[in-house]
1. So, with +1 on the Cβ of K and R and -1 on the Cβ of D and E, and no other charges, what is the size of the charge dipole of region 1-76 about its Cα centre, to the nearest 20 debye?
2. How much accessible surface area, in Å² rounded to 10, belongs to the heavy atoms of HIS349 with a 1.4 Å probe?
3. Once you charge only the Cβ atoms, +1 for Lys and Arg and -1 for Asp and Glu, what is the size of the charge dipole of the chain about its Cα centre, to the nearest 20 debye?
4. Could I have the simple spin-label model distance between TRP164 and THR377, label points 7 Å from Cα toward Cβ, reported in nm to one decimal?
5. Ignoring ligands and nucleic acids, what accessible area does ASP124 show with a 1.4 Å probe (Å², nearest 10)?
6. Show me the ranking of peptides 504-516, 322-334 by mean Cβ neighbours inside 10 Å, starting with the highest.
7. Ignoring everything but the protein chains, give the 1.4 Å probe accessible area of ASP217 in square angstrom, nearest 10.
8. Taking θ = phi - 60°, what integer Hz values does the Karplus form 6.51 cos²θ - 1.76 cosθ + 1.60 yield along region 514-521, in sequence order, with x for Gly and Pro?
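The values are calculated or read from the model by the stated rules, or taken from the named source; none is laboratory data. Model, not experiment: these values are computed from the prediction. Quick reminder, even Gly has a Cβ in these numbers, built from the backbone with ideal geometry, and neighbours come from all protein chains shown. All accessible areas refer to the heavy atoms of the entire protein, side chains included, with ligands and DNA or RNA removed. Shrake-Rupley method; radii C 1.70, N 1.55, O 1.52, S 1.80 Å.
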Amino acid sequence: SVNNGTAIGDDKGFINYTVDMSKTSLANRPGTVDAAGEAADFTANTAADLAFVEEFLTRNPDANNINGSPETAASKFLINGGYDVADNTELYFNAAYVYKKVNSYANYRTPYWRTADAFPYLADFFPGDNPNTAGGYDGYVPTFEGLLNDYNGTVGLKTTINDWNVDLSFTTGGNAQTYKVNDSHNRNEVYGVSFNPTSGDFEATPLYGANSKQSFDPGGTRFSHNVGNIDINRILSDKVSIGMGAEFRNETFEVIEGELASYDGGGADSFAGNSPENSGKFNRYNFGGYFSLDYDVSDTFLLSGTVRAENYSDFGNTFVYKLSSRLKLSDKITARASVSSGFRAPTLHQIYTQKAQYSFVPGQGIQVGGLINNVSTQAKLLGIEELDAETSNNFTIGLGGKLTNTLSFTVDYYNIAVKDRIVLGSEIGATGDATNPLDQLLTQNNLSDVSYFSNALNTRTSGLDVVISKRDIKLGTGVLDLNLSGNYTITNERDGDVKDIPLVANAGQSVVNATQEALFFTSRPETKWILGANYEVGKFGWSFNNTYFGKTTFKQQGMSSDLRTEFTPKVVTDLGINFNATDKLTIALNVNNLLNVLPEWEFKAENAAGQAMINDTTLNSYGVTAIQEQSNLITFNQRYSQMTYDGYHFSQLGRMFNLSLNYRF
């Protein structure tokens, strides 16, 4: 990266720019795949089938699966500046552009998952060295490649008119995320009509299968917005100041249609493209205004208040407020508190995204599920309501102080109640009633399940944030700083019942199942703390940070209700060393996760049946114990053994080194 800047016009202004280019290789931490679990999921489990699986896994213990962070290449360009066009008037501007290419992979399609017997042409598409298949076919791994173009720019004018500070600005920005799938195929039986000059007749010919492409353009998404702002404030007296402003925003979201072969008949294996009926351009605008007042009641007591009103073209009106105060209890201790309401409109992405997508279903491998939007014909058929906005009521109270010149602290309590929280619900499957609209929708679209966004929950979250800092400790010939910061969650839970539509509730299902509950409320550490030390001596600077990740609990999809999983509390240590070789040259070494600590999890029993399952070592017909079978269900047969398929509480990649040079011309 390169950063440079210069003054403009006798120091009336400045301009600064940064160019940053990076390339990051693939990081991969695969699991060792369980043959018995594979045979149970993908074959009839005969001895020959199990032997076929075992032969492949003997040569490829991780089933060639790639789990980790993808290969990325990025270019970033940033510029900002300002110029005094007159007394008390500054023209300012900034802009940024980011280009990013990401190469990742779908799950590897093993030769017993996508077989050459079922799809003979795969031997020609993906020749390998398997001694047991025609052409040596040994499976394939579809790529999932993303291309991001992101831009934003702001131009504004700051001035003072009769003691009123005025800030006018206009911002435009957007991004386009498109995708590419390579090393795949469309395996669906879809036919076209072509003329056969030999017979002189029109004949039905397969469009895909052996005639399929292997590279697909599935489309993507595009978003842009334009925002105009005016902010005005003034100090009316030594006790009172006011502020006011307005904002206009226009947003446009586009689902970019994929090419025909990417979605037709089910589409590309691994990632289907956006079909025409699921594509389109959508927009909205909103206008808002606010007023704020700060009042110094006394030298020790400050009151502040802000109100804001907005009108959305697709929602109507909203009104929010915030009241806050600060009280100096002494020269060293200050108390503060605030109460406020909040509002978040559903994004255009949440309202309009609709597509078929591949996902892992425990015990069944990868299945095609559907995400339907809330304004679609399908949603109306099922009785799904359109999305409304989230609202919240928030309260905070805290203390902060500087006990000495080198010792300071803050302690804050927060309580947040969210109403009509927007969530992407769990997958809703067929009821078994062929006349049920849900079953008909799934059958007509060849889907295993369907999911959708909804205002499904009311939630309440409370906790404590703590920061303690001790600076300028003399140690030898250097200076040591110590910092402790952390969070403890007191409450994080659902408030009331899940708001299911009748069709789902009557089928004995819910958009918020046990897995979703865990993801929302227990999948983040109940407590997290960071103890850091910075030591400067001579030309060296040392930093030493220890992050404590508390216990997390999951209820992964497909797992027995008699069990839960718990991730063990861990401490991750980071080390940084800076060496100021000269006034211009700095060398820095950073080691993240110095001790190579990895996530660890284990099963816990919910009841006696769960404990019996953990204790039982009897092998079932597939040659695994009950608890091993449960483990296979939530890790895709140990492909994701390090963190399970549904998540983890810190990175699985372990120790990472970073060495950098910084030179100032």
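1. Numbers: 5 positive and 11 negative charges, 95 e Å.
Here region 1-76 has a charge dipole of around 460 debye.
2. In the full protein context, HIS349 sits at about 70 Å².
3. Numbers: 49 positive and 73 negative charges, 462 e Å.
Approximately 2220 debye in magnitude.
4. 5.4
5. We get 130 Å² for ASP124.
6. On the way: 504-516: 17.6, 322-334: 14.0.
Highest to lowest by the protection proxy: 504-516, 322-334.
7. It works out to around 70 Å².
8. Computed from phi, the couplings for region 514-521 are 4, 5, 4, 4, 5, 4, 6, 10 Hz.
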